[in-house]
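Right, one structure below, let's go through it.
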Amino acid sequence: MHFFERYFSDWVMRCRIPLIVLSVIIVLVSANGLKFLSFDTDYRVFFTEDNPDLLAFNALEATYTKSDNVFILVAPKKGDVFQPAVLAMIEALTESSWQMPYSRRVDSIQNFQNTYAEDDDLIVENLYEDAPNLSDSDILRIKKIALSDPLLLKRMVSSNGAVTAINITIEFPGLEREAELDSVVRYAREMVRQYKVKYPEIDFHITGVAFLNKAFVEAGERDSTTLVPLSFLAMLVLLYALLNSISAVVGVMLVIIFSVITTMGIGGYLGISLTPASMSSVQMTMVLAVASSVHMLVSFLFGLQQNSTKRLALTESLRVNVQPIILTSLTTMVGFLGMNFSEVPPFNDLGNLVAMGVFASMCFSLTFLPALMSFLPVRHRKERQNSVSYLSAIATFVIKRQNFILITMGGVVLSSAYFASFNQPEERFLKYFDTSMQFRIDTDFATENLGGLYQLMYAIPAGSPGGISQPEYLQHLETFNSWLLAQPEVINSYVLTDTIKRLNKNMHGDEEDGYALPTSRELAAQYLLLYEMSLPYGLDLNNQVNVDKSETRLIATMVELSNVELLNFEKRVQSWYAEHMPAFMKTKGTGTLMMFAQIPEKNIEGMLYGSILALFVISMILILALSSLKVGLISLVPNLVPLTIGFGLWGLLYAEVNMALAVVVSMTLGIVVDDTVHFLSKYLRARREKGYSAEQAITYAFTHVGRALIVSTIVLMVGFGVLMTSPFTMNSDMAMLTTWIICLALVVDFLLLPVLLLKFDKGEK
């Protein structure tokens, strides 16, 4: 190994110009791949193609109307929606909504297909038209119907009449999804903007699946255009403050840029589509590139401060750092590659991109950076004695107080392990966006008043074509719907039996006693046929009934539920269903809500395997590289302890672990091991090359690598800390926990690791 270190460092110095040229060529070739990068705008990207919940949802959408929609809420600032001016605005907005690109259906209280009998005829017409000319009695009639019909109440209008909604069903061609989505969102926003100007006395809110998809895009764009430059600038300023060298900052800046371009360019060539989750790979690559470079530069500047020549200082810096940088890069790559065990494809992409970024930064840090620094003018200051003395003081404290430290850390770890058990897999997919995003504000408003995007769907078979008209089927469907509405989690339901009961009432002279299910199949089929023949284009029953009338879809609007609460609800549904419903009507809940609810448990299970495998591989790498089973095993402890304490703190403060936090274990395993490797590398060099005792080697490690560890840790914390401000809570939560763990890793490596070495490495050199 020593031969390789010396040969490699000499080779880099001999081949400086070719290495610089080669680095530039690699970056230029990679840059061409950036044009192939795309951004996936569909929330379905969070699910694998063979995900059973996604397949079930896709099958449902293939049978019925698509669930992609724009949901516009209308809330008068004074009074309710049943005012002539407001009703007129709703009528106009309903008409305008039909012009939205890719709109297939528009539903509102205005075009609700109200039915009534006129002699022996069934009349089907809009609930109202020509709003400006409505009489007071007309408005009272409209209000009475809207606040009583189950197809409208708490679905299209709030129970107090203060809020109503227009729902535009969208069917994207899927040829250019990003452009298609942009056209819909632009039209909706411009349309609502115009109505806001015309009706300042009315508040508008826009949500829906289309805006959910757009929110993912906008969150990623905000991170890339705001947080990435901010993080980049913050790290450069911090590096200058810590290293006090413009040339060093320039070198790191180029390593960062080269690493990011190379990584994202290769990602483009590989056809990786970016998402808000995988977009954070840019920031992570930047941060980790700095970490690789810092150790090279700190050692180099230290050599200059010791009056060494630039070439000798660079050669020595390469010699002592090539092994730990390669080791830390490999272990970091292993940690991020472990994210491929995640059930969420964007995290697979994130892990792979960052792993490529770490490899690229390793190569540039070990070749391009020293080659470049050999040509740049480097000004340096004499080493300040206090920077070494305080590190020596920490070493002395650890050596003298090792028993106290060991007992204290043991207590902290045990307490943290207990608090870590408080963490539960929780997923609230609409909470992925913080309240700085308009989508979140609008969606919360929708949830509070009408339920919004929280819907659970049941496709309920009738057993045979035309079977939905069977009285037995309709009665069972009605029983199920009644039970659902009695559950505290359900706000409203959209079910065929409500329509059929209304039609039966109409055909019985609109008498209240007639509001019941028909007693014969022929009557039910006849009523449905009459109704369907009278419905205008775009407002048919395709959203409720399949083509051969062998199945209907029930949609339950839910209160806001976590994944655990929803899964418990579905278990209760299935238990009741098995007891009260015939076997041929077997069904299960599906929809976006259910899809996201299923992720956490599967994701945690996958990441558990990934983390265990990553830990095993990292352990083997360290044992082999350090040529010591004892030291290799010792190194595992300071890598696991920060994770335990970090998740303990999270359990104490938050106790909810979403899909993003599940990947933190594998990810941070690769990051926190870096400090351990660099400390052990200097410790073992002192033990083996200089013949130092364990106590002397501890002091040597502190004084020779302590500053670099502090600098790299601060830089990592700042880099991830900026990501904590992301409006996409997946990224911000992941960054917060990672920042905690990185900080804890330095504390553990400065306190617990030396104590373990003092206790268990007395005799070996």
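Points worth noting:
- The lysines within cross-link reach of LYS759, meaning a Cα-to-Cα straight distance under 24 Å and a gap of 8 or more places when in the same chain, are LYS400, LYS630, LYS682, LYS690.
- Kirkwood-type radius of the range 25-85, with distances r between different C-alpha atoms, in Å: 17.0 Å
- Cross-link reach is defined here as a Cα-Cα straight distance under 19 Å, omitting same-chain residues fewer than 8 places apart; for LYS66 the lysines meeting it are LYS214, LYS549, LYS588.
- Cα lying deepest toward the dipole's positive end in the chain, options LEU539, GLN194, HIS678, charges on Cβ: HIS678
- Using a Förster distance of 35 Å, the FRET efficiency for LEU175-LEU233 (Cβ separation, nearest 0.05): 0.35
- For the range 444-544, a crude dipole built from +1 on the beta carbon of Lys and Arg and -1 on the beta carbon of Asp and Glu, taken about the Cα centre, is about 260 debye to the nearest 20.
- Folded to 0 to 90 degrees: helix 209-222 orientation relative to the chain principal axis, Cα: 20 degrees
- The range 432-574 has equivalent-ellipsoid semi-axes of 32, 18, 15 Å, by the square roots of 5 times the alpha carbon gyration tensor eigenvalues, sorted largest first.
- Within-13-Å neighbourhood charge of ILE166 [Cβ basis; K, R +1; D, E -1]: -1
- Cross-link partners for LYS505 among the aspartates and glutamates, with Cα-Cα distance under 18 Å and sequence neighbours closer than 8 places in the same chain left out: GLU118, ASP119, ASP120, ASP121, GLU125, ASP149, GLU478, ASP513, GLU522, GLU532.
- Sites CYS15 and VAL637 - FRET efficiency at Förster radius 60 Å, r taken between beta-carbons, to 0.05: 0.90
- Rh by Kirkwood over Cα pairs, then Stokes-Einstein D for the range 468-522 at 1.002 mPa s and 20 °C, µm²/s: 181 µm²/s
- Each of LYS759 and ARG193 was given a label point 7 Å from its Cα along the Cα-to-Cβ line. The distance between the two points is 6.5 nm.
- Calculated P(r) tail over 17 Å for the range 133-211, as whole % of Cα pairs: 62 percent
- The order of the peptides 94-101, 587-594 by mean Cβ neighbours within 10 Å, most packed first, is 587-594, 94-101.
- Cross-linked pairs LYS431/LYS571; LYS154/LYS602; LYS78/LYS144: Cα-Cα separations exceed 22 Å for LYS431/LYS571; LYS154/LYS602.
- Rh by Kirkwood over Cα pairs, then Stokes-Einstein D for the range 33-123 at 1.306 mPa s and 10 °C, µm²/s: 90 µm²/s
- Computed E for SER436/GLU95 - FRET, C-beta separation, R0 30 angstrom, nearest 0.05: 0.35
- The simple spin-label model puts a point 7 Å past each Cα toward its Cβ; for ILE407 and PHE422 those points are separated by 2.7 nm.
- From most to least packed by mean Cβ count within 10 Å, the peptides 106-117, 421-432, 127-138, 52-63 give 106-117, 421-432, 52-63, 127-138.
- Extent along the principal axes, Cα only, for the range 636-765: 52, 24, 19 Å, with the longest axis given first.
- Across the chain, Cα pairs under 8 Å and at least six residues apart give a relative contact order of 20 percent.
- Normalised contact order of the range 139-254, rounded percent, pairs of Cα under 8 Å and 6 or more residues apart: 11 percent
- Shown here: the range 582-699, whose C-alpha atoms stretch 80, 31, 18 Å along the first, second and third principal axes, sorted largest to smallest.
- Axis of helix 496-506 versus longest Cα principal axis of the chain: the two differ by about 20°, to the nearest ten degrees.
- Hull-based mean projected area of the range 76-196, where the convex hull spans the alpha carbons, in square nanometres: 9.0 nm²
- A quarter of the convex hull surface defined by the alpha-carbon atoms of the chain gives 36.7 nm² as the mean projection.
- Its Kirkwood hydrodynamic radius, worked out from the mean inverse distance over all distinct Cα pairs, puts the range 490-571 at 14.7 Å.
- Taking the inverse of the mean reciprocal distance over all distinct Cα pairs, the Kirkwood hydrodynamic radius of the range 269-407 comes to 17.6 Å.
- With coordinates expressed along the principal axes, the C-alpha atoms belonging to the range 210-335 extend over 63, 29, 22 Å, beginning with the largest.
- Sorted peptide list for 73-85, 639-651, criterion being average Cβ within 10 angstrom, highest first: 639-651, 73-85
- Per-q log10 I(q)/I(0), the range 398-455, q = 0.13, 0.23, 0.25, 0.28 Å⁻¹ (Debye; single scatterer per alpha-carbon; no solvent): -0.59, -0.90, -0.96, -1.06
FYI, it's all coordinate maths here, none of it is from the lab. Quick caveat: nothing in here was measured; it's all calculated off a predicted structure. Positions of Cβ are backbone-derived with ideal geometry, glycine not excepted, and every protein chain shown enters the neighbour counts.
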